[in-house]
Each structure stands twice: as C-alpha cells, then as structure tokens.
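Have a look at the structure below, then the notes.
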C-alpha cells in the first residue's frame, strides 16, 4: 500500500485512460479488449512506469504512457492463450473460447500496434524504437518456450533467455519510459537495468508460485505450467537434484503423473532455491539504481522489488 500511495492518483487516471483507449476501435475489438482488462490483473506495468517516471524527475502527465506496457501485456496474453490453448485467464474462460481464435489474435495485434503508437506520441523516438525491439524479443521468447515444451534437456540458460525476452524486457521498458520521455538517457539506462533484474525475479517467483501458491493468490490453478509442458526454474532445479524426474515428464502427462512430479519438485527444495536466485536478481536490480537520486519514488521501486519476491512467504 505504501508503494501504491506514491502514485495512487496516476494509477487511477491510467486505469480510466486504459479502458478509454480499448474502447476507441470497432465494437468487436473493444469487447475483446475490455473482456480481458475488466477481469483484473496486477497493473504492475503501469505502476512501474509511473514510479520510474517520478524517480527520473519526470513530473508531467504520464497516464497515457502508463497504458503502453499494459496494452502490450494484454495483447501478449491474448496471443499466448491462443498459442497455449489456455482454458482460463484471470478466473474467466480464456477470450478465444468466448470470441474465437481469429478475433482474439487480431485484437491482440490491435493492442500491440496501439501501444507502439502511444509510446511514440508520449515518449519519442528512442522509447518507441526500444519498445519495437521489446516486441521482437517477446516474440522470440515465446517461440523459444514453445519449441522447448516438454524438453527435458532444456538448460537454465535457455530458461533465463526466455524469461529475459518474454517478461523482463517489457518491465525494463516500462520503468525506463518516463526517463526517455524527458531525454534523461543516464537514468533511463539505470532504470532499465533495474527493470530487467526485477522482471526476471518477478517471473521466477511466478514460476515458484505455480508449485507453492493457490488460485486466490495467483489467479491461476497451481500446476498449470507443468500441465502445459513448461519447464520452469523450480522444475529444472529439481531435475538437477533428482535426475529420475525426467522419466515422468512428457508433453501429454496424466493427472497422476503431474501430481507425482509436483510433489517431487516441492519435496526437493527447488522452489526455495529458485527464490534465492530471484532475491539475487532483486539485489542486482537495486544496485543499478545507485546513481538515481533518492526520492519517494525510488524508495517505492525498491520496496516493490522486494515485495515481488517476498509475496510468496
């Protein structure tokens, strides 16, 4: 609550703006965008954008800029659920089960293209160029993850490459966007490094929660990643400790097999080991802020970084 209080007004304004932007299109696309946005979500990316802007000394109106990361995130979720054949998202049937694959994919495209346009309008050439690079990285990360579904020979380096491109790259952009908007490249670089490390820590923690969390705290059924054949860090670390686990893993796993792997991973202590790596990334991210002046916003970024890992405790 202390973190949200620093930019509470901005968050309220950006939420109104987000729904307005999603409504500025044909009714069918607006309905799909609103369907996902109204289901909730952490709004972590708008929060990072607002805090990063204020930490960089940007005190202008950033409500539209705050929508960029969230719109891109919504677009990626729409695409991901079609690719993964997801059944649920945020406690609702995944959008493609309501509106159909084709409409959902095209709405995802709308969200991504609209995000790029707003980035250009609100933060200029460097910001939109970096965002275009981020979109490319996210696509590469998704393809790499897809190609490694059920691959028991997957390495930690592949896992971290996927996380860096698919998740951390967008968080890095969000937290640096406000600095690019005021042409403060030095602070933008520092904030982007912070965002990369914290984004990695956030994804590791999400992967841990797939084994240790519950639907109420995560918004998804525990074991979902495992059921989809995704080899996340806790599973990879468990395999390192218990190599025989690979014999239980396949792309088409029965409920009994999933439960057996689930129990083995938890018993191995791998989730706790993964969290330690997440904490190391948080520490490196905070170190990247050393040359950013002290402010309530910087302090909030540090608090948020710790929370994103310690929320599992």
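The values are calculated or read from the model by the stated rules, or taken from the named source; none is laboratory data. Please read all numbers here as calculations on a predicted model, not as lab measurements. Note: ideal-geometry Cβ built from the backbone for every residue, glycine included; neighbour counts use all protein chains shown.
Only one of (1) within 29 Å of residue 87 (Cα to Cα); (2) modelled with pLDDT of 95 or more; (3) under 15 Å from the mean Cα position of the chain (by Cα) fails for residue 234. Which number is that?
So the condition that residue 234 fails would be (3).
So, residue 226, is that one modelled with pLDDT under 90 and crowded, with 22+ Cβ neighbours inside 10 Å or not? If you could, list the steps in order and put the result at the bottom.
Values: modelled with pLDDT under 90: yes; crowded, with 22+ Cβ neighbours inside 10 Å: yes.
Spelling it out, residue 226 is indeed modelled with pLDDT under 90 and crowded, with 22+ Cβ neighbours inside 10 Å.
Name the residue that is modelled with the lowest pLDDT, counting only residues in the stretch 142-158 that are over 30 Å from residue 50 (Cβ atoms) and surrounded by 16 or more Cβ atoms within 10 Å (Cβ to Cβ). Let's see the steps before the verdict.
We begin by selecting, within the stretch 142-158, every residue over 30 Å from residue 50 (Cβ atoms); these are 143-144, 146-158.
Now drop any that are not surrounded by 16 or more Cβ atoms within 10 Å (Cβ to Cβ), which leaves 144, 148, 152, 154, 158.
Numbers: 144: 95, 148: 91, 152: 84, 154: 91, 158: 97.
The residue in question is 152.
If only one of 104, 98 is over 18 Å from the mean Cα position of the chain (by Cα) and buried (at least 19 other Cβ atoms within 10 Å of the Cβ), which one is it?
Details: 98 fails: buried (at least 19 other Cβ atoms within 10 Å of the Cβ).
After ruling out the rest, the residue left standing is 104.
From the list 193, 114, which one is touching a residue at least 40 places away in the same chain (Cβ under 8 Å), out of contact with any strand residue (DSSP E or B) (no Cβ under 7 Å at 6 or more places or on another chain), assigned to a helix (DSSP H, G or I) and surrounded by fewer than 20 Cβ atoms within 10 Å (Cβ to Cβ)? Step through it out loud before you land on a result.
Numbers: 114 fails: surrounded by fewer than 20 Cβ atoms within 10 Å (Cβ to Cβ).
Exactly one of 193, 114 is touching a residue at least 40 places away in the same chain (Cβ under 8 Å), out of contact with any strand residue (DSSP E or B) (no Cβ under 7 Å at 6 or more places or on another chain), assigned to a helix (DSSP H, G or I) and surrounded by fewer than 20 Cβ atoms within 10 Å (Cβ to Cβ), namely 193.
Out of all the residues in the stretch 87-103, which are within 14 Å of residue 74 (Cα to Cα), assigned to a helix (DSSP H, G or I) and without any contact (Cβ under 8 Å) to a residue 24 or more places away in the chain?
Correct list: 96 only.
When you go through 258, 302 one by one, which is the residue that is on the phi < 0 side of the Ramachandran plot and modelled with pLDDT of 95 or more?
On the way: 258 fails: modelled with pLDDT of 95 or more.
Just a single option satisfies the conditions, and that option is 302.
State which residue is nearest to residue 73 (Cα to Cα) when the search covers only the stretch 138-153 and only residues that are outside any helix (DSSP H, G or I) and touching a helix residue (DSSP H, G or I) at 6+ places or on another chain (Cβ under 7 Å).
The initial filter retains those residues of the stretch 138-153 that are outside any helix (DSSP H, G or I), namely 148-153.
Filter once more, so that each one left must be touching a helix residue (DSSP H, G or I) at 6+ places or on another chain (Cβ under 7 Å): 148, 152.
Working: 148: 22, 152: 28 Å.
Checking each candidate, the answer is 148.
Only residues that are surrounded by fewer than 24 Cβ atoms within 10 Å (Cβ to Cβ) and farther than 18 Å from residue 40 by Cα: list them for the stretch 64-95, please.
64, 82, 83, 84, 85
Filter the stretch 46-63 down to residues that are part of a helix (DSSP H, G or I) and surrounded by fewer than 24 Cβ atoms within 10 Å (Cβ to Cβ) and give me whichever is nearest to the chain's Cα centre (by Cα). Steps first, please.
Quick first cut of the stretch 46-63, residues part of a helix (DSSP H, G or I) only: 46-55, 63.
Narrowing the set further to residues that are surrounded by fewer than 24 Cβ atoms within 10 Å (Cβ to Cβ) leaves 54, 63.
Numbers: 54: 21, 63: 20 Å.
The qualifying residue nearest to the chain's Cα centre (by Cα) is 63.
So which pairs qualify, if the first residue must be in the stretch 28-57 and on the phi > 0 side of the Ramachandran plot, the second must be crowded, with 22+ Cβ neighbours inside 10 Å and modelled with pLDDT of 95 or more, the Cβ gap must be under 7 Å, and the two must be at least 6 apart or on different chains?
From the stretch 28-57, the pairs are 43/70.
Got at least one residue in the stretch 117-137 being in a helix (DSSP H, G or I), closer than 23 Å to residue 27 by Cα, at pLDDT 95 or above and in contact with a helix residue (DSSP H, G or I) (Cβ under 9 Å, 6 or more places away or on another chain)?
Within the stretch 117-137, the first condition is being in a helix (DSSP H, G or I), and the residues that meet it are 117-137.
Subsequent filtering for residues that are closer than 23 Å to residue 27 by Cα retains 117-118.
Add one more test, that the residue is at pLDDT 95 or above, and what stays is 117-118.
So of that shortlist, the ones also in contact with a helix residue (DSSP H, G or I) (Cβ under 9 Å, 6 or more places away or on another chain) come out as 117-118.
Yes, the stretch 117-137 contains at least one residue that is in a helix (DSSP H, G or I), closer than 23 Å to residue 27 by Cα, at pLDDT 95 or above and in contact with a helix residue (DSSP H, G or I) (Cβ under 9 Å, 6 or more places away or on another chain).
Within the stretch 286-313, can you find the residues that are touching a residue at least 24 places away in the same chain (Cβ under 8 Å), within 30 Å of residue 249 (Cα to Cα) and not in a helix (DSSP H, G or I)?
311, 312
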